[in-house]
Amino acid sequence: VTGGSRGIGRGVAIELARQGAQVFVTGRTESDLATIGEGTIGIRCDHTVDDDVAGAFQQIARDGGAIDILVNSVWGGYERMVDNGEFTWMKPFWEQPLWRWDAMFSAGVRAHYQASQLAAPDMVARRRGLIVNISHWAARKPLGTVACGVAKSATDKMTAHMAAELQPHGVTVVSLYPGMVRTEKVMASAAWLDLSNSESPEFIGRAVAALAGDLDVIRHTGKVLV
């Protein structure tokens, strides 16, 4: 689970471990990685640093062997949503900082691409595997920033193209949309949000576990699943 030290990734890691998987989790903060819980192995990794990512996958291969499930949950651009007491996330694109666009592509779409590149060869060799790219409704309709919508759309398109190449090898790739998730950052901005129909971070982990346990999961490959 990439980017699993916090947020949705953390919930996925906790739930997969609870259901019996050996879970490797990447994140930038060692203290957060250390508190995820039993059944998880934390690896400090900045997904904008290629050597960090390569080293993380080398450690997984050495200590855990083959990767059966890759969950790409790492993402950037959510920093400083509240700045000087003002909730900046909903500002129009011409008032958004340019770093937010860069972060969503480098720590988001590109990071998903690189992690999938590193996991795919072994999955192809074994003719099985599941890659889950965590995406969002912002790809389908305006929700939040332009940068987020474009980056999530890119994630979904990447999923479709990866699936076309991996399906003949028995490997499944899907985009998975959570709803409003009560992550740490969301709760920090709870005063500005409607959480009446929100879900726990662990809920999306149950969806990943259900996909992993589906013997005919390949029928979903290339799709967006909500």
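In this model, which of LYS152/LYS185; LYS141/LYS185; LYS91/LYS152 are farther than 20 Å apart at the alpha-carbon?
Details: LYS152/LYS185 18 Å; LYS141/LYS185 22 Å; LYS91/LYS152 18 Å.
The pairs that break the limit, which is 20 Å between Cα atoms, are LYS141/LYS185.
The range 15-67: percent of C-alpha pairs farther apart than 14 Å?
Values: 732 of 1378 pairs.
Considering the range 15-67, 53 percent of its Cα-Cα pairs are separated by more than 14 Å.
Helix 201-212 versus the longest principal axis of the chain: what is the Cα-based angle in degrees, 0 to 90, to the nearest 10?
Once rounded, the angle reads 30 degrees.
Please report the accessible area of SER135 (heavy atoms, 1.4 Å probe, ligands and nucleic acids excluded) in Å², nearest 10.
Per-residue accessible area (SER135): approximately 0 Å².
Among all stretches of the chain without exposed trypsin sites (Lys or Arg not before Pro) (DSSP loop, at most 14 other Cβ atoms within 10 Å), which one is longest? Numbers along the way, then the final one.
Details: sites that count: ARG80, ARG127.
Here the longest segment lacking exposed loop sites spans 128-226.
Which of PHE105, THR88, LEU130 sits farthest toward the positive end of the charge dipole of the range 75-138, with +1 on the Cβ of Lys and Arg and -1 on the Cβ of Asp and Glu?
Projecting each Cα onto the dipole axis, the largest value belongs to LEU130.
Compute, for HIS136, the solvent-accessible surface of its heavy atoms (probe 1.4 Å) with the complete set of protein chains present, and express it in square angstrom to the nearest 10.
50 Å²
How many percent of the accessible area of the range 153-226 is carbon or sulfur, using a 1.4 Å probe?
57 percent
What accessible area per residue, rounded to a whole number of Å², is obtained for the range 1-136 using a probe radius of 1.4 Å?
49 Å²
I'd like the distance separating the alpha-carbon centroids of the range 104-132 and the range 157-217, in whole Å.
After rounding, the separation between the Cα centres reads 15 Å.
Rounding to the nearest 10 and keeping the result within 0 to 90°, find how far the Cα-based axis of helix 7-18 lies from the longest principal axis of the chain.
30 degrees
Loop only by DSSP, 16 or fewer other Cβ within 10 Å of the Cβ. Give me the GluC sites (Glu not before Pro) in the range 1-55 that pass, ordered by residue number.
Those satisfying the criteria are GLU38.
How much accessible surface does ASP63 have with a 1.4 Å probe, in Å² rounded to 10?
The accessible area of ASP63 comes to roughly 80 Å².
I'd like the carbon and sulfur percentage of the solvent accessible area for the range 1-109, probe radius 1.4 Å, heavy atoms only, ligands and nucleic acids excluded. List each step's numbers first, then the result.
Values: 2720 of 5440 Å².
Heavy-atom surface of the range 1-109 belonging to carbon and sulfur, 1.4 Å probe: 50 percent.
For the chain, just run the numbers: alpha carbon Rg, then divide by 2.2 N^0.38 Å, N being how many residues it has.
Numbers: Rg = 16.8 Å, N = 226, 2.2 N^0.38 = 17.3 Å.
Normalised Cα radius of gyration, the chain: 0.97.
What angle do you read, to the nearest 10 degrees and between 0 and 90, between the alpha-carbon axis of helix 110-126 and the longest principal axis of the chain?
10 degrees
If you restrict to DSSP beta bridges whose two residues both lie in the chain, what percentage is antiparallel, to the nearest 5? List each step's numbers first, then the result.
Numbers: 2 of 21 bridges.
Among the beta bridges of the chain, antiparallel pairing accounts for roughly 10 percent.
The values are calculated or read from the model by the stated rules, or taken from the named source; none is laboratory data. Quick caveat: nothing in here was measured; it's all calculated off a predicted structure. Quick reminder, even Gly has a Cβ in these numbers, built from the backbone with ideal geometry, and neighbours come from all protein chains shown. To get the accessible areas, we keep the full protein, side chains included, count just its heavy atoms, and leave off ligands, DNA and RNA. Shrake-Rupley method; radii C 1.70, N 1.55, O 1.52, S 1.80 Å.
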